[in-house]
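The values are calculated or read from the model by the stated rules, or taken from the named source; none is laboratory data. Remember, it's a predicted structure, so these values are computed and weren't measured experimentally. All Cβ positions, glycine included, derive from the backbone under ideal geometry; neighbour counts span all protein chains shown.
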Amino acid sequence: TANADGKTWTATFTPTANVNDTTNTISVNLTGLTDTAGNAGVSTASSANYTVNTRSADTTGPTATITLADTALTVGETTTVTIRFNEPVTNFDASDIVLTDANGTLGTLTANA
């Protein structure tokens with residue numbers, strides 16, 4: 001919004017959600033502007049640095065603990081694998097499991113209540 005003198009403009013800035021960043025500025029490209037005499041602007045103008053912290057207090061990702069009901073398996077045995085996260089997770093499926101060093105296969109994942 002322009003003030004009556006045409007020199008002062010204001011707008012409301014809304015920071016992006018879920019961001020934690022200490023290096024932010026807003027800039028104006030002056031080369032696209034002209035004054036009332038038709039003189040083009042030169043270069044840019046930038047605000048002072050400001051911080052944005054719109055992340056919730058929980059800023060760390062989930063962790064997991066993996067336990068096996070039986071840790072000494074022999075021919076024909078199976079064991080229950082329990083994966084417990086420190087907080088609820090979404091989008092967890094079999095493609096997230098790495099069995100490279102497991103020497104076996106894993107059955108279907110089942111979420112507990």
Complete set of residues in the range 69-96 that are among the hydrophobic types (A, V, I, L, M, F, W, C) and either closer than 30 Å to residue 57 by Cβ or touching a strand residue (DSSP E or B) at 6+ places or on another chain (Cβ under 8 Å) (or both): 69, 81, 83, 85, 89, 92
Between 64, 40, 48, which is more than 30 Å from the chain's Cα centre (by Cα) and at pLDDT 90 or above? 40
Out of all the residues in the range 60-81, which are farther than 18 Å from residue 92 by Cβ and of a type outside the set (A, V, I, L, M, F, W, C)? 70, 71, 74, 76, 77, 78, 79
Taking the criterion of being farther than 30 Å from residue 89 by Cβ and in the same structural domain as residue 98 (by TED's automatic domain parsing), would at least one residue in the range 41-59 satisfy it? no
Please tell me if residue 28 is modelled with pLDDT under 90 and under 30 Å from residue 8 (Cα atoms). no
Within the range 1-42, how many residues are in contact with a Leu (Cβ under 8 Å, 6 or more places away or on another chain) and either of a type in the set (Asp, Glu) or surrounded by 10 or more Cβ atoms within 10 Å (Cβ to Cβ) (or both)? 2
Tell me, please, whether a residue that is surrounded by 10 or more Cβ atoms within 10 Å (Cβ to Cβ) and of a type in the set (Val, Ile, Thr) can be found in the range 87-96. yes
